[in-house]
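Reading through the structure tokens given below for one structure.
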Amino acid sequence: MFQPYRFSEIEMPPTEAALRAEVRAFLADWKDKWTPWEKGHSWNGFDREFSRAVGAKGWIGMTWPAEYGGGGFSMMERYVVIEEMLAAGAPVGAHWIADRQSGPLILKSGTDTQRQKYLPLITTGDASFCIGLSEPDSGSDLASVRTKAEKTADGYRINGRKIWTTNGHLSDYMIALVRTEGTAKDRHKGLSQVIVPMDAPGLNIRRIQDLTGEAHFNEITFDNVLVGADALIGEEGAGWAQATAELAFERSGPDRYMSAYPLFEMLVDYSQSLQDDRLSERKIGALFAEIAVLRQMSVSIATMLQDGILPNQEAAVVKDLGVTHEQNMPEVARAIIGGDFGQDTEGDLAEIQSAILQLAPTFSLRGGTREIIRGIMSKGLGL
Amino acid sequence: MNDDTNISRMLTDQLSRLLEASVDAPLLAKIEKGTAGSALNDAVAELGLDMALVPEDKDGAGLDWSDAAPLFEVLGYYAAPVDLGEQIIAQWALAQAGLPASDPAPAVALGLAKLSADGGLSGTVTIPWGSADRCVLVEAMQDDMRVLCLLDAAAMAASVPVSTVGRIPTRRLKLNGAAVQASGPLGAIGLGDVSALLRAAYIAGALSRALELTLDYCNTRTQFGRTIGKFQAVQQMVAQLASEAAAAKAGTQLGMTAMGSGNAGMQIAIAKQRASAAVAKSAAIAHEVHGAIGVTEEHILHYFTRRLWQWREEAGSEHVWAERLGREVIARGGAAAWPTMVGLSAR
């Protein structure tokens, strides 16, 4: 029988129940502080104080070795913690990127000095990372990046621009994909990854106002920014392979389908107030089934990662289905609520709806656009 | 990997080899006309797979549902040319209800009947693969109790053929107080539930075949000087078909696993809802990519898409199951939704 994917039965760790209970108890003290608008921002919400509290519980860098501040937890235990955070709509943005991809990258490809320097700071919630991939002329076509890092006597001189950097203005470090050799025509060759402190002289941050009325994105200009030789992560010229491996982590987690979960919870309560409304029963049931299946697939991917399997194709499937689900949620809300709903943003339900509605267009862009993801899938299927 | 998984793999391979060697479009056409020979049925019967889910102390293979799932999916992958899946759940249900296994296995009726105090059944049921010389299992409510009823072949005399999109020989039976040959109580999971779970697995298998056929066509059909699979517009569609097929399979997996750990009611609802919901888009894409040749009688694709359209309705459509599931989730309230969700995969 034709079976293109390796999704398997899932098994949660024996510590699951105790860990969940602990996370929920922790979140209970915070939950009431977040407005529906904030909950609608999910992992884009940035709250350093919250991240430090999460760090104090040992829930950042959970799977990393103890010598770097990690907790020696399994990937499945980390999964339990992060899905609880997302379900609650917690503002995990100050540590999310570092916990999900920058830290693992440093752990895997960095020097021991880099690990000693950055990882402990990440685990306490004191170091926030942002991602420097896209450029004004390099969006989906990432291999065309032009930002240059020229060799100096004791490091690199960086010139160029990065864009769509989420929360760059609040972050401490960026891991940037730069060209250490050749030109944009050399594509994948000659790319490297460097760590740049966001307060480096010559680094200029321009905030980009977006349609929500806020400014999550940034454009970062590098004007002769000098970094030491120890800024390089891994091998010179290995940036493409490293960055794409990193994207596998970015594409595979529960953040790929849970951005709108807090709205679902509120819709369930709203439907309860309708009493035996068949339309809302059908809509809620379909959403619940959709989430349950996405979770089944997402947890299965975490199991693969734990077993050392790189689940690029499976992660693409979850991202394709997951973001479509997230983006559809505000439309389902409209169907359930009807009436005058949506004419203003007053009230908890309308407020979270307005947040997710306006953030939703980015769901299928971040981590690779829907079209890029489907292209990856079709290639994987042999087309 | 445990022994049961090895046994399951071996049985699945046996079944696959047999079906691969015998199932093609002409055979499926014969089955739909009700004129198929009994050769395949006999060969399948020889494998003895109908007892797969019956406990070993009752002379079954004692597999659990997760291990039997590949058998069901393989049947879907070959457009289920025999009712082996139904036979397996029939023998399982008989064992659940404390009734002896039946040889050959009875047909399985869809629909819930009513069993009166005097032992007569009422209601109307639909029986895929039903025939005048076969016993049939009917699920019924006796007051608040769910019971499994075995009717002998004589009861089928009152049945009439009914046409379906799937065109598997199907009969409808009006139970005007029909006498029950044997009956026994069912637990929380009834015949209708496992019928739904079986259809979910059939759908997952048939979707994987529809995807494979579509990929083959993409890689062989040439237009504008290149294979159509090289066109991004086509690639984007095929990726969506692959996603839907993967979701149907994952949902089925969730349901099958839950059968081994207590109450699987919600997981079965999820499995059938998601599998049925995957059909509309998937069948549409498979046909879109195949073009006009895919709707011709001679092409094999329609045996899969028509069964997909059939199975998504049988034992409850995505809408029916969504409504049941939604009612339950809403009754529990928003705060309980997440603990319920993660509890689905708890052992």
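Tabulated values for the structure
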read-out: Total residues in region A:56-89, condition in a helix (DSSP H, G or I) and farther than 13 Å from A:LEU27 by Cα; value: 10
read-out: All positions within region B:158-196 that are among the charged types (D, E, K, R) and either buried (at least 19 other Cβ atoms within 10 Å of the Cβ) or at pLDDT below 95 (or both); value: B:ARG171, B:ASP193
read-out: All positions within region A:277-300 that are more than 8 Å from every other protein chain (Cβ to nearest Cβ) and surrounded by fewer than 21 Cβ atoms within 10 Å (Cβ to Cβ); value: A:ASP277, A:LEU279
read-out: Residue within region A:310-321 that is more than 10 Å from chain B (Cβ to nearest Cβ), in contact (Cβ under 8 Å) with a residue 24 or more places away in the chain and surrounded by fewer than 21 Cβ atoms within 10 Å (Cβ to Cβ) present; value: yes
read-out: Positions within region A:255-276 being within 27 Å of A:GLY368 (Cα to Cα), more than 8 Å from every other protein chain (Cβ to nearest Cβ) and either assigned to a helix (DSSP H, G or I) or more than 28 Å from the chain's Cα centre (by Cα) (or both), in sequence order; value: A:ASP255, A:ARG256, A:PRO262, A:LEU263
read-out: Flag for B:ALA206 being under 23 Å from B:LYS33 (Cβ atoms) and surrounded by 20 or more Cβ atoms within 10 Å (Cβ to Cβ); value: yes
read-out: Qualifying residue in region A:77-94 (condition: more than 14 Å from chain B (Cβ to nearest Cβ) and out of contact with any helix residue (DSSP H, G or I) (no Cβ under 7 Å at 6 or more places or on another chain)); value: yes
read-out: Per-region count, region B:325-339, residues more than 7 Å from chain A (Cβ to nearest Cβ) and farther than 16 Å from A:MET85 by Cα; value: 3
read-out: Test: residue in region B:45-55 that is in contact with a helix residue (DSSP H, G or I) (Cβ under 6 Å, 6 or more places away or on another chain) and within 14 Å of chain A (Cβ to nearest Cβ); value: no
read-out: Qualifying positions in region B:239-277 - more than 14 Å from the chain's Cα centre (by Cα) and charged (D, E, K, R); value: B:GLU244
read-out: Matching entry among A:GLU281, A:GLU331, A:GLU326 (being out of contact with any helix residue (DSSP H, G or I) (no Cβ under 6 Å at 6 or more places or on another chain), outside the structural domain of A:ARG78 (by TED's automatic domain parsing) and modelled with pLDDT of 95 or more); value: A:GLU331
read-out: Of all residues making up region B:172-229, the number that are in a helix (DSSP H, G or I) and closer than 23 Å to B:ILE268 by Cα; value: 19
read-out: Number of positions in region A:363-378 that are farther than 13 Å from A:ASP141 by Cα and facing chain B (nearest Cβ under 8 Å); value: 3
read-out: Some residue of region A:186-201 being loosely packed, with under 15 Cβ neighbours inside 10 Å, at positive phi and not basic (Lys, Arg); value: no
read-out: Matching residues, region A:51-91, being touching a strand residue (DSSP E or B) at 6+ places or on another chain (Cβ under 9 Å) and either charged (D, E, K, R) or without any contact (Cβ under 8 Å) to a residue 60 or more places away in the chain (or both); value: A:PRO91
read-out: Exclusive hit being modelled with pLDDT of 95 or more and crowded, with 24+ Cβ neighbours inside 10 Å, set B:ALA233, B:ALA246; value: B:ALA246
read-out: Exclusive hit being at the interface with chain A (Cβ under 9 Å from one of its Cβ atoms) and touching a residue at least 40 places away in the same chain (Cβ under 8 Å), set B:GLY251, B:GLY265, B:GLY260; value: B:GLY251
read-out: Filter pass, A:THR324 being within 12 Å of chain B (Cβ to nearest Cβ) and among the hydroxyl-bearing types (Ser, Thr, Tyr); value: yes
read-out: Residue, surrounded by the fewest Cβ atoms within 10 Å (Cβ to Cβ), within region A:323-376, restricted to residues that are outside any loop (DSSP other than H, G, I, E, B) and among the polar types (S, T, N, Q); value: A:ASN328
read-out: Boolean, A:TRP43 is at pLDDT below 95, under 16 Å from the mean Cα position of the chain (by Cα), closer than 28 Å to A:MET174 by Cβ and of a type in the set (Phe, Trp, Tyr); value: yes
read-out: Cross-chain or 6+ apart pairs with Cβ under 7 Å, region A:237-265 first and surrounded by fewer than 20 Cβ atoms within 10 Å (Cβ to Cβ), then acidic (Asp, Glu); value: A:GLY237/A:GLU181
read-out: All positions within region A:4-26 that are in a helix (DSSP H, G or I) and either at the interface with chain B (Cβ under 10 Å from one of its Cβ atoms) or under 14 Å from A:ARG78 (Cβ atoms) (or both); value: A:GLU16, A:ALA17, A:LEU19, A:ARG20, A:GLU22, A:VAL23, A:ARG24
read-out: One residue from B:GLU318, B:GLU298, B:GLU313 being acidic (Asp, Glu), within 16 Å of the chain's Cα centre (by Cα) and more than 10 Å from every other protein chain (Cβ to nearest Cβ); value: B:GLU313
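Matching residues to (1) over 28 Å from A:GLY125 (Cβ atoms); (2) assigned to a helix (DSSP H, G or I):
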{"site": "A:LYS185", "(1), (2)": "yes, yes"}
{"site": "A:LYS189", "(1), (2)": "yes, no"}
{"site": "A:PRO201", "(1), (2)": "no, no"}
{"site": "A:ILE220", "(1), (2)": "no, no"}
{"site": "A:GLY237", "(1), (2)": "yes, no"}
{"site": "A:TRP240", "(1), (2)": "yes, yes"}
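Residue-by-condition table, conditions (1) outside the structural domain of A:GLN327 (by TED's automatic domain parsing); (2) surrounded by fewer than 16 Cβ atoms within 10 Å (Cβ to Cβ); (3) touching a His at 6+ places or on another chain (Cβ under 6 Å); (4) small (Gly, Ala, Ser):
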| position | (1), (2), (3), (4) |
| --- | --- |
| A:ALA25 | yes, yes, no, yes |
| A:TRP30 | yes, no, no, no |
| A:TRP34 | yes, no, no, no |
| A:PHE46 | yes, no, no, no |
| A:PHE50 | yes, no, no, no |
| A:GLY61 | yes, no, no, yes |
| A:PRO65 | yes, yes, no, no |
| A:GLY72 | yes, yes, no, yes |
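The values are calculated or read from the model by the stated rules, or taken from the named source; none is laboratory data. On a predicted model such as this, the values are computed, not experimentally measured, just so you know. For neighbour counting, all protein chains shown are included, and Cβ atoms are generated from backbone atoms with ideal geometry for every residue, glycine included.
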